[in-house]
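The values are calculated or read from the model by the stated rules, or taken from the named source; none is laboratory data. Since the structure is predicted, the reported quantities are computational estimates derived from the model, not experimental observations. Cβ placement follows ideal geometry from the backbone for every residue including glycine, while neighbour counts extend to all protein chains displayed.
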Amino acid sequence: MTAPGLQRLENELRTLKSVERPAVIRAIAEARSHGDLSENAEYHAARERQSFIEGRIAELEEIVSAVEVIDPSMLTGEHVKFGAHVRVVDEETERETTYQIVGVHEADIKAARLSISAPLAKALIGKKVGDSISVPAPGGDRSYEILSIKFM
């Protein structure tokens with residue numbers, strides 16, 4: 001995982017523990033004060049939210065405790081690997097896009113952070129500038145050419 005990815009997860013964990021958890025505990029207490037819990041929709045919704053928050057906290061704690069941080073700026077080479085910023089062109093549409101290859105837990109396609117386990121990332125790993133790759137897609141295979149590889 002990259003350092004910014006770890007920071008995002010730690011921020012989420014901190015928010016869940018210091019803001020969300022206390023808020024849901026207050027919501028449960030307030031819902032209890034309304035009486036009969038068997039027909040209390042607010043109580044059941046708050047308990048469901050609490051269950052989600054506690055599950056996410058446990059998940060994030062496990063991830064954060066086991067993560068290995070890699071600094072892409074310390075990497076070099078001519079081949080695509082974890083942390084690389086890869087500029088590709090879709091050979092059919094001529095559309096250029098730049099992706100960073102990141103860990104599974106920090107992937108965000110809208111921010112151009114591509115999970116190392118994504119089909120496109122798997123196809124890119126080990127390739128170099130000028131190589132063409134083919135990636136299976138729902139509408140048929142897509143072909144991309146690698147235009148540049150940067151580690152920053």
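Contact list please: Cβ distance under 7 Å, first residue in region 92-115 and on the phi > 0 side of the Ramachandran plot, second residue crowded, with 19+ Cβ neighbours inside 10 Å, pairs at least six apart or on different chains. Listed pairs, sorted by first residue: A112/Y99; A112/Q100. All of (1) within 30 Å of A27 (Cβ to Cβ); (2) buried (at least 16 other Cβ atoms within 10 Å of the Cβ); (3) of a type in the set (A, V, I, L, M) hold for L124 with one exception: (1).
State which residue is farthest from I101 (Cα to Cα) when the search covers only region 64-81 and only residues that are under 20 Å from the mean Cα position of the chain (by Cα) and exposed (fewer than 10 other Cβ atoms within 10 Å of the Cβ). So, considering only residues that are under 20 Å from the mean Cα position of the chain (by Cα) and exposed (fewer than 10 other Cβ atoms within 10 Å of the Cβ), the one farthest from I101 (Cα to Cα) is S65.
Residues that are surrounded by 17 or more Cβ atoms within 10 Å (Cβ to Cβ) and among the β-branched types (V, I, T) were ranked within region 1-27; the one that is nearest to D71 (Cα to Cα) is T2.
Taking the condition assigned by TED's automatic domain parsing to the domain that holds V129, under 17 Å from the mean Cα position of the chain (by Cα) and of a type outside the set (G, A, S), does E106 pass? Judged against the criteria, E106 is a match.
Look at region 27-39: where a residue is assigned by TED's automatic domain parsing to the domain that holds R49 and a partner is part of a helix (DSSP H, G or I) and among the acidic types (D, E), sitting 6+ places away or on another chain with Cβ atoms under 8 Å, you get A27/E42; E30/E42; A31/E42; H34/E42. Flag not set for E61, criterion: at positive phi, surrounded by fewer than 17 Cβ atoms within 10 Å (Cβ to Cβ) and acidic (D, E).
Residue-by-condition table, conditions (1) touching a helix residue (DSSP H, G or I) at 6+ places or on another chain (Cβ under 8 Å); (2) modelled with pLDDT under 95; (3) farther than 30 Å from L114 by Cβ; (4) not acidic (D, E):
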site: T15; (1), (2), (3), (4): no, no, no, yes
site: E39; (1), (2), (3), (4): no, yes, yes, no
site: E42; (1), (2), (3), (4): yes, yes, yes, no
site: R56; (1), (2), (3), (4): yes, no, no, yes
site: V67; (1), (2), (3), (4): yes, yes, no, yes
site: E78; (1), (2), (3), (4): no, yes, no, no
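Counting only helices (runs of 4 or more DSSP H) that fall entirely inside region 19-136 and contain at least 3 residues that are of a type in the set (A, V, I, L, M, F, W, C) and under 21 Å from L6 (Cβ atoms), the qualifying elements are 41-66. On the stretch given as region 94-113, residues that are surrounded by fewer than 17 Cβ atoms within 10 Å (Cβ to Cβ) and either more than 17 Å from D131 (Cα to Cα) or acidic (D, E) (or both) total 9.
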